[in-house]
Amino acid sequence: MSSPTVAETWVAGPLKRLMEDARLISGVLLYPSGRAVGQFGFSNAADVMSICALTSAINASSRELGRQLDGKPFYEMHHAGAERQVFMARAMAGAQEFLFVGVFDRESSLGVVEIYFAEFQKALEKLLPEKQAKVQGPSGDFEGELNRSLDALFGPIGKR
Amino acid sequence: MKAVGQVVAMLSHVPGVLAAMVVGASDGLIVETSPMLAGAAVVGDSRKHTAALAAYLYSKVTRASQAARLGNPAFMRLEAEQGHICVVGARDVVLVTIVTPDANLGRVRLDMMTAAKGES
């Protein structure tokens, strides 16, 4: 199991603990804008780029779906495949919002992932640097933000 | 087959049982639970955590038991400083009880096994 690679060092500890405790195969922590903050289980920047874009879009869709169906946004999603399962949820740290998507198999369970994700959220809350407390909203430059975060995780293009 | 609500109600009335739960074996999520008995020495509501981790532990114990060619575990009891956690498998669910240290474990075991037979 490889250690997480992070664009912001303060998330490394909580992300590693979540990965180990919940026995996740892979996972990505990102801002709702699609900018990656940390990842584990991936060696290819293109995969993380796709996951960030899809997670960001799924998050926006599921929130609106929740509003339409239930009058309030859906913040957590679980999809059980034949072999692997996907857990997707938002994590709040102060006013800052993050999204997390993780993959697990029969070595874990949804209940276990939910428990350790709640602990992960508490850890983010506790460790959130003060300068980070100012909410990072989307800059409008989705592609640029995504590429900068991928450079931080995997190194600049050409050196990956 | 008894309804899960009946199983939980029956187990929660066994002397010494602080909480009884029916939990999904594969996802570790609570299907049905009794309230945590007043006076239980726990901070906050620990049932969700207990359910998920007990189901997870039971799945690992099942693998260990099968690896040792002993078949599936019939009954699992975890003895802690301030009580016990008992788990019995019943097909797609596991029955979980949180029990006081002075409870009649023989009675708890018997009632859980009987309930599990009714569930399967």
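The values are calculated or read from the model by the stated rules, or taken from the named source; none is laboratory data. The structure displayed is predicted, hence computed values, not measured ones. All Cβ positions, even for glycine, are placed from backbone atoms using ideal geometry, and neighbour counts span all protein chains on display. Heavy atoms of the whole protein, side chains included, go into the accessibility calculation; ligands, DNA and RNA do not. Shrake-Rupley method; radii C 1.70, N 1.55, O 1.52, S 1.80 Å.
Below, the figures for the structure above:
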item	result
Residue count for region B:2-31, restricted to those that are more than 14 Å from every other protein chain (Cβ to nearest Cβ) and part of a loop (DSSP other than H, G, I, E, B)	6
Region A:111-126 residues that are more than 9 Å from chain B (Cβ to nearest Cβ), paired with ones that are buried (at least 20 other Cβ atoms within 10 Å of the Cβ) and part of a helix (DSSP H, G or I) (beta carbon under 6 Å, 6 or more apart)	A:Tyr116/A:Leu18; A:Phe120/A:Pro14; A:Phe120/A:Leu18; A:Ala123/A:Pro14; A:Leu124/A:Pro14
Count - residues of region A:78-106 that are within 14 Å of another protein chain (Cβ to nearest Cβ) and either in a strand (DSSP E or B) or open to solvent by less than 60 Å² (accessible area, probe 1.4 Å) (or both)	9
Hits in region A:65-76 (condition: within 14 Å of chain B (Cβ to nearest Cβ) and open to solvent by less than 90 Å² (accessible area, probe 1.4 Å))	none
Close pairs (6 angstrom Cβ cut-off, 6 or more residues apart or separate chains): within 19 Å of A:Gln85 (Cα to Cα) in region A:11-40, charged (D, E, K, R) anywhere	A:Arg23/A:Glu107
Selected residue (criterion: modelled with the lowest pLDDT) from residues of region B:20-41 that are more than 19 Å from B:Gln6 (Cβ to Cβ) and either of a type in the set (D, E, K, R) or open to solvent by 60 Å² or more (accessible area, probe 1.4 Å) (or both)	B:Ala41
Residues (open to solvent by 50 Å² or more (accessible area, probe 1.4 Å), in a helix (DSSP H, G or I), under 24 Å from A:Asp105 (Cβ atoms) and hydroxyl-bearing (Ser, Thr, Tyr)) located in region A:14-64	A:Ser50
Condition check for B:Val94: in contact with a strand residue (DSSP E or B) (Cβ under 9 Å, 6 or more places away or on another chain) and touching a residue at least 60 places away in the same chain (Cβ under 8 Å)	yes
Total residues in region A:16-60, condition within 15 Å of A:Leu99 (Cβ to Cβ) and among the charged types (D, E, K, R)	1
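Yes/no per residue for (1) within 14 Å of chain A (Cβ to nearest Cβ); (2) at pLDDT below 95; (3) at negative phi:
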site	(1), (2), (3)
B:Arg69	no, no, no
B:Asn72	no, yes, yes
B:Arg77	no, no, yes
B:Gln82	no, yes, yes
B:Ile85	no, no, yes
B:Ile98	no, no, yes
